[in-house]
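The values are calculated or read from the model by the stated rules, or taken from the named source; none is laboratory data. Everything numeric in this text was worked out from a predicted model, so none of it was measured. When we count neighbours, we look across all protein chains shown, and the Cβ atoms used for this are built from the backbone with ideal geometry, even at glycine.
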Amino acid sequence: MTDMNERLHLPDVHPHSSIRVMLVDDHKTMLWGLERLIGGEHSGMRVVATASDSAAALAQALALEPDVIVLDLDLGGVSSLAILPALAQCGSTRVLVLTASHDQATLDQAILKGARGIISKDAPAEMVLKAIEKVYHGELWLEQAMLGRMMTQLTQPGGASAHAIAVASLTLKERKIIAALVHGSGTPAKLLADQLFISEHTLRNHLTSIYRKLGVYNRLELYAYATKHQLGELPPAS
């Protein structure tokens with residue numbers, strides 16, 4: 001029997017185009033409510049897995065590569081910030097943080113570690129669905145106050161530069177792809193994907209994410225950016 005902490009959902013009759021969502025929260029009542037909200041007849045989404053601790057979340061994210069992971073930052077008193085970068089680099093998965101926390105530093109860290117959006121647990125149900133949809137389509141979902149703080153960081157003397165924030169938002173997988181591209185700038189996409197042990201489709205998804213984060217539009221611009229900012233080498237292991 002599959003434990004509640006590590007529950008997979010069998011394939012259903014939803015079309016392949018529906019948004020595949022994984023829920024990570026240690027409160028069973030919250031999981032129950034989110035499952036019914038997201039699995040509604042007209043939501044255009046389906047829940048493919050749920051998890052209530054970090055280990056189960058990582059295992060299922062790696063196995064399923066869901067489109068969107070809805071992640072609680074507090075899993076039984078343990079912060080999920082540590083696993084957020086790993087979740088964000090599972091294929092083309094995007095992470096939306098659903099939290100009761102109002103700690104600004106923690107929420108800012110979530111974005112810098114790869115979350116594509118943050119929404120309060122007090123938000124209306126329709127707002128949660130909208131946030132999932134926007135994040136799935138590659139947009140950021142942030143409250144105005146957080147956007148203001150990020151802009152302040154960019155403009156304050158000594159604050160983080162736009163480049164530093166952009167690079168910090170890259171996952172390890174994305175950094176590996178950039179490094180491979182720099183060292184093989186003329187390599188065809190299929191061969192580059194083979195070298196990285198991923199499919200060409202997955203490579204395209206990663207490149208789309210990289211372009212968006214760095215503000216470039218194609219491989220040539222990415223090569224120029226990466227060369228200028230010395231992104232040809234992987235960062236030291238933390």
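Quick rundown of the values:
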{"item": "Any hit, segment 35-52, residues being over 29 Å from Gly215 (Cβ atoms), touching a strand residue (DSSP E or B) at 6+ places or on another chain (Cβ under 6 Å), part of a helix (DSSP H, G or I) and of a type outside the set (A, V, I, L, M)", "result": "yes"}
{"item": "Which numbered condition Val95 fails, given (1) touching a helix residue (DSSP H, G or I) at 6+ places or on another chain (Cβ under 6 Å); (2) assigned to a loop (DSSP other than H, G, I, E, B)", "result": "(2)"}
{"item": "Segment 50-71: number of residues that are crowded, with 24+ Cβ neighbours inside 10 Å, in contact with a Lys or Arg (Cβ under 9 Å, 6 or more places away or on another chain) and either small (Gly, Ala, Ser) or assigned by TED's automatic domain parsing to the domain that holds Ile198 (or both)", "result": "1"}
{"item": "In segment 159-199, the residues that are free of Cβ contacts under 8 Å to residues at least 40 places away in the same chain and either at positive phi or not in a loop (DSSP other than H, G, I, E, B) (or both)", "result": "Ala162, Ala164, Ile177, Ala180, Ala189, Lys190, Leu191, Leu192, Ala193, Asp194, Gln195, Phe197"}
{"item": "Selection within segment 197-220 - over 13 Å from Leu170 (Cβ atoms), touching a helix residue (DSSP H, G or I) at 6+ places or on another chain (Cβ under 8 Å) and surrounded by fewer than 16 Cβ atoms within 10 Å (Cβ to Cβ)", "result": "Ser199, Glu200, Arg204, Tyr217, Asn218"}
{"item": "Any hit, segment 110-120, residues being modelled with pLDDT of 85 or more, more than 20 Å from Leu34 (Cβ to Cβ) and assigned to a helix (DSSP H, G or I)", "result": "no"}
{"item": "Complete set of residues in segment 24-38 that are free of Cβ contacts under 8 Å to residues at least 24 places away in the same chain and surrounded by fewer than 16 Cβ atoms within 10 Å (Cβ to Cβ)", "result": "Thr29, Trp32, Gly33, Arg36"}
{"item": "Odd one out for Pro66, checked against (1) farther than 22 Å from Lys176 by Cβ; (2) assigned to a loop (DSSP other than H, G, I, E, B)", "result": "(1)"}
